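K.L.:
Here it is, the structure, as structure tokens.
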Amino acid sequence: MAHNAARRIHVKGIVQGVGFRPFVYSTAKELNLTGWVRNSSAGVDIVASGKSDDLNILIEIIKSQPPPLAKIDHIEWSEIQVEVFPDFQILESKVIPGEFIPISPDIAICEDCQRELFDPQDHRFRYPFINCTNCGPRLTIIKDIPYDRPKTTMATFPLCAVCEGEYADPTNRRFHAQPIACPDCGPMVWFQDKNGDRTLHEAGLQRARKSLKDGKIIAIKGLGGFHLACDATNPRALDNLRIRKKRSQKPFAVMAFSLSVIEKYCEVSASDKELIHSKQKPIVIVNQKIENTLPDQIAPGHHTIGVMLPYTPLHLLLLEPDIDYPDLLVMTSGNISEEPITYTNADCLDRLHNIADGFLLHDREIFTRVDDTVLVSMDSQPYFFRRSRGFAPQSITLPQNNNNDLSVGAELKNTFCLSKGTYAFISHHIGDLKNFETYQAFLEGVDHYSKIFKITPQRIACDMHPDYLSTKYANEYAAQHRLPLTLVQHHHAHLASCLADNQYDDDAPVIGMIFDGTGYGTDGNIWGGEVLIGNYKNYNRAFHLDEMPLPGGDQAVLHPYRIGIAYLIKSGLSLDERLALIHNTDSVELEILAKQIELQINTPMTTSMGRLFDAVASLIGLRQSINYEAQAAIELEQIIKPNIDQAYHFGLNSGTIEIKGLLEELISDIFEGIPVGVISAKFHNSVVRLVVEIASQIRSQEGIDQVALSGGVWQNLYLLNHAIQALRGEGFSVLFHQQVPANDGGISLGQAAILKKI
Ligand code: ZN
Ligand code: ZN
Ligand code: FE
């Protein structure tokens with residue numbers, strides 16, 4: 001066999017801990033190539049010698065058929081001196097100082113492992129921690145790099161001979177699978193009751209199942225934290241869970257053993273199925289069947305529901321079908337109200353003690369707490385509400401090169417972002433920083449990501465809001481390390497986030513329809529109904545909603561009727577008793593509100609689009625107080641009557657979007673007894689028309705036909721779908737989010753992208 005060529009090949013991306021070297025090894029063997037493959041801290045290096053055609057095939061196969069979890073960012077190769085090696089080998093890793101390699105997210109159990117889990121002949125039959133290089137925990141167990149077992153929370157489990165053999169065998173699916181484990185050497189599961197009595201292994205699992213079947217609430221340790229679980233078909237269990245968790249109405253997500261169970265209750269499109277089945281197994285929001293037997297307590301006021309499939313072996317065992325066993329479990333985050341999700345055994349036993357009737361625990365420690373990802377299928381693509389498990393810390397490619405930068409994001413739904421080169425490592429969902437524990441998680445997260453991606457920030461970006469804890473942190477960090485700090489206006493960050501998300505690499509300005517709940521404006525007001533013309537570097541505020549009073553600030557946000565009343569007063573409309581929000585508010589409170597608005601006492605002004613949705617929900621009598629964020633707007637979307645074309649009318653007056661006329665038309669519909677579903681549809685349609693009208697005006701003046709949609713209001717799918725269609729119908733090209741949420745979870749990416757252009 002004559003060797004006539006040799007090449008050195010370098011592959012960058014997620015190529016470690018995902019079975020990449022065995023894949024190269026076996027491919028090279030099949031092609032009769034000799035040489036070696038090895039991990040370096042900058043990726044994977046290959047030297048291969050053989051026939052030149054076969055070397056081409058090797059590179060082709062690496063590009064086109066890499067292992068399931070690998071993500072190749074870059075591959076380069078050069079011809080080298082032909083050298084005959086005795087064999088093809090996997091060599092020891094080589095560390096290059098200063099270089100980093102991306103880390104794989106946590107991935108749901110693969111089909112091979114699932115088959116082995118239920119195979120009585122298999123060594124890991126019914127073993128709740130079965131995994132391989134194609135699946136299992138990653139980010140959640142990594143303490144440091146390089147990603148090797150001693151640097152993970154699996155370090156405390158020495159391998160048995162069987163696992164050791166598989167770990168060392170390049171032809172095995174578990175070759176260098178760092179979390180490898182088996183019943184003889186790995187972690188174990190146990191059930192613990194409220195008295196602290198433990199039942200180990202399979203018997204413990206069966207106790208948990210029995211409790212769930214009996215309507216009990218069980219805390220279950222998962223991949224990135226604890227879930228609280230109960231029988232989703234048992235209204236009493238659901239009531240208990242809502243009371244104990246202090247979560248009266250916010251929807252719960254559910255988990256089913258298989259897709260066929262989900263299809264029993266839900267309308268599932270082909271693209272929904274693809275997302276539900278994907279290797280990340282996120283929570284996917286789908287429509288419930290019109291006729292279904294699900295208790296209303298799962299998602300009150302919703303015709304949609306968040307569904308997911310089991311993503312760990314333990315989940316599969318927990319949901320294994322059996323006679324009279326519930327086929328659907330609520331799996332909601334293990335916390336009280338808005339606190340961060342519990343992730344250690346001790347914390348679970350402490351904080352969830354009064355919620356759960358029992359605890360299904362295990363001794364594989366979670367190092368980084370990671371919540372479930374929530375998304376929906378849009379245009380057959382994922383559209384994120386929360387990007388976390390399965391996606392973080394996978395990098396997003398920035399359109400331009402960055403230095404080492406840190407952007408700290410917003411305050412609610414916080415994520416932070418460390419970037420280097422074209423890599424933007426956006427953190428898992430951190431949450432509301434005003435919560436002390438969440439803020440601690442933010443601090444630890446920034447340190448941890450800096451360490452594992454070897455990024456020492458040289459520049460920092462934060463929001464302009466002086467009171468955001470992330471801003472305060474950025475100020476301190478910048479002062480302490482003497483680094484330049486860039487303050488980014490919130491809605492400019494949303495715009496840039498949408499551009500970067502779409503790999504928009506152009507300085508030409510676009511029309512940013514930034515519709516949001518809240519954000520600090522350059523005039524000190526609360527912005528949120530903003531039409532910006534801009535790019536990464538600059539923006540102009542071309543249009544904004546009427547400035548409206550927000551009596552009591554955050555208090556008003558919790559009570560939409562106050563917003564409704566304030567908007568009526570400011571617009572000079574009558575406080576008609578026929579309106580529920582007037583009828584139900586006593587005259588003293590009405591007077592106080594009027595005075596408060598007149599004298600501007602604790603009454604910030606806002607141009608927020610989210611607040612306008614709140615006002616409308618209140619005016620039509622849908623919701624006067626909320627108990628979770630954006631509830632009024634979400635319910636307003638849920639009640640839309642389909643196939644309504646009519647709309648109300650916004651006024652446009654030199655950059656101001658006037659709402660008085662719209663409110664008048666809407667109120668007259670209320671008095672005429674038009675159904676709320678129709679009014680809601682008409683209101684949504686008005687916003688769609690507004691978007692098209694403004695975009696057309698700007699196009700005729702400035703010749704811009706590129707529109708970007710960002711901000712939390714764009715989580716409204718009716719609005720999003722209709723706006724995209726209407727804009728495209730008028731010849732606009734539309735950018736909307738693909739990889740990060742339109743909400744504040746995407747702010748850190750926007751800040752990072754803006755830093756790149758400064
Ligand atoms: Zn597997
Ligand atoms: Zn073992
Ligand atoms: Fe925002």
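The values are calculated or read from the model by the stated rules, or taken from the named source; none is laboratory data. These numbers were taken from a predicted model, which means no experiment stands behind them. Here Cβ is always computed from backbone atoms with ideal geometry, including for glycine, and neighbour counts include all displayed protein chains. Accessible surface is based on the protein model in full, side chains and every heavy atom, while ligands, DNA and RNA are left aside. Shrake-Rupley method; radii C 1.70, N 1.55, O 1.52, S 1.80 Å.
K.L.:
Tell me, yes or no, whether the range 366-373 has at least one residue that is modelled with pLDDT under 95 and surrounded by fewer than 22 Cβ atoms within 10 Å (Cβ to Cβ).
P.N.:
The answer is no; no qualifying residue exists.
Yes/no per residue for (1) among the hydroxyl-bearing types (S, T, Y); (2) closer than 23 Å to T373 by Cα; (3) within 16 Å of ligand 1 (Cβ to nearest atom):
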position	(1), (2), (3)
N172	no, no, yes
L205	no, no, no
F226	no, yes, no
E263	no, yes, no
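K.L.:
Let me ask something additional. In the list R174, R236, which residue meets the criterion of being within 26 Å of E320 (Cα to Cα) and surrounded by 15 or more Cβ atoms within 10 Å (Cβ to Cβ)?
P.N.:
Just one listed residue meets the conditions, R174.
K.L.:
Being outside any helix (DSSP H, G or I), touching a Ser or Thr at 6+ places or on another chain (Cβ under 9 Å) and more than 16 Å from ligand 1 (Cβ to nearest atom) is the filter; apply it to the range 138-170 and report the residue that is farthest from F88 (Cα to Cα).
P.N.:
Out of the qualifying residues, it is K143.
K.L.:
If you go through the range 281-295 one residue at a time, do you hit one that is open to solvent by less than 40 Å² (accessible area, probe 1.4 Å), assigned to a strand (DSSP E or B) and without any contact (Cβ under 8 Å) to a residue 24 or more places away in the chain?
P.N.:
yes
K.L.:
Please go through the range 74-101 and pick out each residue that is part of a strand (DSSP E or B) and open to solvent by 60 Å² or more (accessible area, probe 1.4 Å).
P.N.:
If the condition is that a residue be part of a strand (DSSP E or B) and open to solvent by 60 Å² or more (accessible area, probe 1.4 Å), then H74, E76, W77, E79, Q89, K94 are the ones that fit.
K.L.:
Quick check, is L709 in contact (Cβ under 8 Å) with a residue 12 or more places away in the chain, in contact with a strand residue (DSSP E or B) (Cβ under 6 Å, 6 or more places away or on another chain) and either more than 16 Å from G512 (Cα to Cα) or within 16 Å of ligand 2 (Cβ to nearest atom) (or both)?
P.N.:
Answer is no for this residue.
K.L.:
For H302, state whether it is within 27 Å of K216 (Cβ to Cβ) and either of a type outside the set (A, V, I, L, M, F, W, C) or open to solvent by 40 Å² or more (accessible area, probe 1.4 Å) (or both).
P.N.:
Yes, satisfied.
K.L.:
Is at least one residue of the range 182-189 within 22 Å of M154 (Cα to Cα) and either within 16 Å of ligand 3 (Cβ to nearest atom) or among the charged types (D, E, K, R) (or both)?
P.N.:
yes
K.L.:
Are any residues in the range 200-219 without any contact (Cβ under 8 Å) to a residue 60 or more places away in the chain and either in a loop (DSSP other than H, G, I, E, B) or crowded, with 17+ Cβ neighbours inside 10 Å (or both), and if so, which ones?
P.N.:
Selection gives D214, G215.
K.L.:
Would you list the helices (runs of 4 or more DSSP H) that sit entirely within the range 646-758 and hold 2 or more residues that are open to solvent by 50 Å² or more (accessible area, probe 1.4 Å) and of a type in the set (K, R)?
P.N.:
Output list reads 676-702.
K.L.:
Between I62, I57, I75, I107, which is under 13 Å from Y25 (Cα atoms) and modelled with pLDDT of 90 or more?
P.N.:
The unique qualifying residue is I62.
K.L.:
Considering only residues of the range 733-751 that are away from ligand 3 (no atom under 16 Å from the Cβ) and touching a residue at least 40 places away in the same chain (Cβ under 8 Å), which is nearest to the chain's Cα centre (by Cα)?
P.N.:
Q739
K.L.:
While we're here: For the subset of the range 160-197 comprising residues that are among the charged types (D, E, K, R) and under 20 Å from C230 (Cα atoms), which member is farthest from ligand 2 (Cβ to nearest atom)?
P.N.:
Only one residue tops the list, namely K194.
K.L.:
Specify which of the listed residues (D324, D350) is open to solvent by 50 Å² or more (accessible area, probe 1.4 Å) and in a loop (DSSP other than H, G, I, E, B).
P.N.:
The match here is D324.
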